Amino acid sequence: MSGLLSSSAFTILITVTFCGTSIVVSLPSSDTVSELRCSISEGSSLIPSDARLLAGGKTLSESMTLMEAFKGKKKGKVIALPPRGSESIKKFNEEEDEKRRAQPRIKDDVSEEGRIALARRKIMGRNLNDRKNTQRYRAFGGIETLPMLPERSRAEAMLRSLSNDPGVVECMRRRGWKVGRLCEMFPEGKVGVSEVCVMGLNVNKGQKILLRLRTDDLRGFRKMESVRKVLFHELSHNDISEHNGEFFKLMRQVESECNSMNWKSGAGSALGSGAAEADLSSEMAALSRPFQGGSGRLGGGSAHLAAALPARDLAANAAYDRLSKEEADIVDTCGCSRVHDVLSSLRATESGPPGEGDAVLYDEGGGVWKDATVVKVHYDDGPDEPYYTIKFSRSGEEVEKQTTAGRLRRR
């Protein structure tokens, strides 16, 4: 026998569902949907009396009999939905929120799952606070590019990116560091060739930090990641001037902090990121790992070296030996140990573009620089993009030539 019955009345078992709550009512098949609604209201106070009733994907009419609604079947399912444009949805959500707030909350700091959940909530709260504090902290007083070089806007964008780097700013905020100006440095010397080749300089422990942004030929820019590493090094000079063991330890801490707290790059400890999971695992492991100490003697068996050098120099040498090649290169090209010589050589490049009659060096190509004099400054392309007529001697003859600021350097 099929599910369809004759027109004689029989009882229908109806399951009504509303927002996860279900009730079952039993009514004669001859009753109408309006009478079903009354039974629903009597059976549950959670289901609104004006809820929309749907069966088989269609809204039920109030005058329709249950026989018609369920096509003569003895069982049926009804979905109750809040009415459109009413306050029922808002009221229901408020009631559910109140119920959740009233439920007792138990802090689980015993099980492994509970401890991890607590640690994650703490990390989330700390990260949110850090981001707010970072956005308010003014780590750098300003940025400054060299006006006489090409693509000045790109150099400015690099400095601005570094000064607004969330990891750098947060590291500086936590350590109480501030830098007056973050400046572009003229590329003095050739990388890996010249005896003196400076990549960065920290003046007076944060009064000014200069960074070498451009390649040797002034026609390109160094990789941003390389410039960031130099910045980490120069920031460490805010606390320690000498390149000793304590400095190298601080430098690595600064780099680690800047990278781990830079949430924009994906390396930061945003909840759910790989770095956050690694930090969490490390933190949980540290809680259960016993302390392991020990002692040792710096320098091993080099007794003759220890007798010849002070302990401070031995520590610095040992720390230097542990540096990676990239870190060692940054140390070798740091101008802080010869700050007065470097500032003297860079002073001319910070005093603005050359003017008529100024003595300059002209890059003739192939690493050859010629002594020249500026004859005229042309502003046909605008005040920010001048070009120059210069004169210089070539093979005993005086030559005049037009060139751009990128191939000139003050003497």
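The values are calculated or read from the model by the stated rules, or taken from the named source; none is laboratory data. These figures come from a predicted structure and were not determined experimentally. Methodologically, a virtual Cβ is constructed for each residue, glycine included, from the backbone with ideal geometry; neighbour enumeration extends over all protein chains shown. Surface accessibility is based on the protein's heavy atoms, side chains included, excluding ligands, DNA and RNA. Shrake-Rupley method; radii C 1.70, N 1.55, O 1.52, S 1.80 Å.
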### Query
Can you name every residue in the range 37-56 that is open to solvent by less than 50 Å² (accessible area, probe 1.4 Å) and more than 16 Å from P83 (Cβ to Cβ)?
S39, S44, A55
#### Entry: Single residue of D217, D239 found to be modelled with pLDDT of 90 or more, outside any helix (DSSP H, G or I) and open to solvent by 50 Å² or more (accessible area, probe 1.4 Å)
D239
### Task
Return only the number of the condition from (1) open to solvent by 30 Å² or more (accessible area, probe 1.4 Å); (2) at pLDDT 85 or above that L60 does not satisfy.
(1)
### Message
One residue is enough: does the range 35-46 have a residue meeting the conditions assigned to a strand (DSSP E or B), of a type outside the set (G, A, S) and touching a Ser or Thr at 6+ places or on another chain (Cβ under 8 Å)?
### Response
no
### Task
Any residue in the range 166-181 that's touching a residue at least 40 places away in the same chain (Cβ under 8 Å): show its pairings with residues that are crowded, with 24+ Cβ neighbours inside 10 Å and in a loop (DSSP other than H, G, I, E, B) at Cβ separation under 6 Å, as long as the two are six or more apart or on different chains.
G167/M261; E170/M261
### Residues being part of a loop (DSSP other than H, G, I, E, B), open to solvent by 30 Å² or more (accessible area, probe 1.4 Å) and at pLDDT 85 or above - total across the range 11-30
1
### Query
Out of all the residues in the range 352-388, which are among the hydroxyl-bearing types (S, T, Y) and open to solvent by less than 20 Å² (accessible area, probe 1.4 Å)?
Y362, Y388
